[in-house]
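Comments concern the structure below.
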Amino acid sequence: MRIIITRNPYLYRGMRMRVINYSAVARYIRGEVESISGSDVDPSTIVTAIMRLSNALEGLVEEEAESPLKGSKLNLVTGVSEITVVAPPSRHGEIINKIVSTGDFDSYRFSIHQFSNGIKVITNSPHADRVKEGLAGYQVDVSGDYAELHVRLPQGSEASLDSKAIVLDSLSQNGVHPVDAFFTESDVSLIVSEDEASRAFEVLRYLSG
């Protein structure tokens, strides 16, 4: 049981911080538990084992010398819009070229994220309208009233995965639910509603201080 939980960093962090539903976790890992045991396992037995593991892990939170987020650099930008362009990967190159050619983005460093079904662009609201105009003929959706909270994680890859889990868990516990989240090895970019931006910043500033 412990092996199944600890090799999933998000489940593990949730167990240690007591922010998960035991029954939901039991349902999620039941198949893997039964695969290891080679027989059917009563869900209540899994719940009991999870509760015991959670109690054992709780004390570890207090033993940590400091948060893996300590030393992170934070930057908050308001007045942000998210542009979604629906398109297959074969058209991503031409779309990105059109976006870049729409003009100067010096007032805010825009970011482009590619996915299998399209492209997301994060930029400030005035530029978002200009990008949409430059993509006439494409399926484009613009959502506004957002803020981007950028987290530059401390150096050291060992802390990176745990840090990302802490970011999402801590915000969720404080009622902040990112609209989107983009991760690299050393950075986290969170898109949150503007009315949650200050709360999100304060939560992560506390953890990084």
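Consider Ile191 carefully, then state whether it is in contact with an Asp or Glu (Cβ under 7 Å, 6 or more places away or on another chain), at pLDDT 85 or above, in a strand (DSSP E or B) and not assigned by TED's automatic domain parsing to the domain that holds Ala87.
Working: in contact with an Asp or Glu (Cβ under 7 Å, 6 or more places away or on another chain): yes; at pLDDT 85 or above: yes; in a strand (DSSP E or B): yes; not assigned by TED's automatic domain parsing to the domain that holds Ala87: yes.
In short, yes.
Take the residues in segment 170-183 that are surrounded by fewer than 17 Cβ atoms within 10 Å (Cβ to Cβ) and not aromatic (Phe, Trp, Tyr); name whichever of them is nearest to the chain's Cα centre (by Cα).
Residue satisfying both the conditions and the ranking: Ala181.
So, Ala49, is that one modelled with pLDDT of 85 or more, aliphatic (A, V, I, L, M) and farther than 30 Å from Arg205 by Cβ or not?
So Ala49 passes the test.
Do we find that Gln114 is surrounded by fewer than 17 Cβ atoms within 10 Å (Cβ to Cβ) and touching a residue at least 40 places away in the same chain (Cβ under 8 Å) in this structure?
No, not satisfied.
Being of a type in the set (Gly, Ala, Ser) and surrounded by 14 or more Cβ atoms within 10 Å (Cβ to Cβ) is the filter; apply it to segment 124-143 and report the residue that is farthest from Val179 (Cα to Cα).
Gly134
Please verify whether Tyr138 is aromatic (Phe, Trp, Tyr) and either under 18 Å from the mean Cα position of the chain (by Cα) or over 21 Å from Asn117 (Cα atoms) (or both), treating the condition exactly as stated.
So Tyr138 fails the test.
In the list Ser67, Ser54, which residue meets the criterion of being in contact with a helix residue (DSSP H, G or I) (Cβ under 6 Å, 6 or more places away or on another chain), at pLDDT 75 or above and buried (at least 17 other Cβ atoms within 10 Å of the Cβ)?
Of the residues listed, the single one that is in contact with a helix residue (DSSP H, G or I) (Cβ under 6 Å, 6 or more places away or on another chain), at pLDDT 75 or above and buried (at least 17 other Cβ atoms within 10 Å of the Cβ) is Ser54.
What residue, among those in segment 80-116 that are of a type in the set (A, V, I, L, M) and closer than 25 Å to Leu149 by Cβ, is modelled with the lowest pLDDT?
Looking at the filtered set, the residue picked out is Val100.
The values are calculated or read from the model by the stated rules, or taken from the named source; none is laboratory data. In this text, all values refer to a predicted model and were calculated from it rather than measured experimentally. Positions of Cβ are generated from backbone atoms using ideal geometry, with glycine treated the same way; all protein chains shown enter the neighbour counts.
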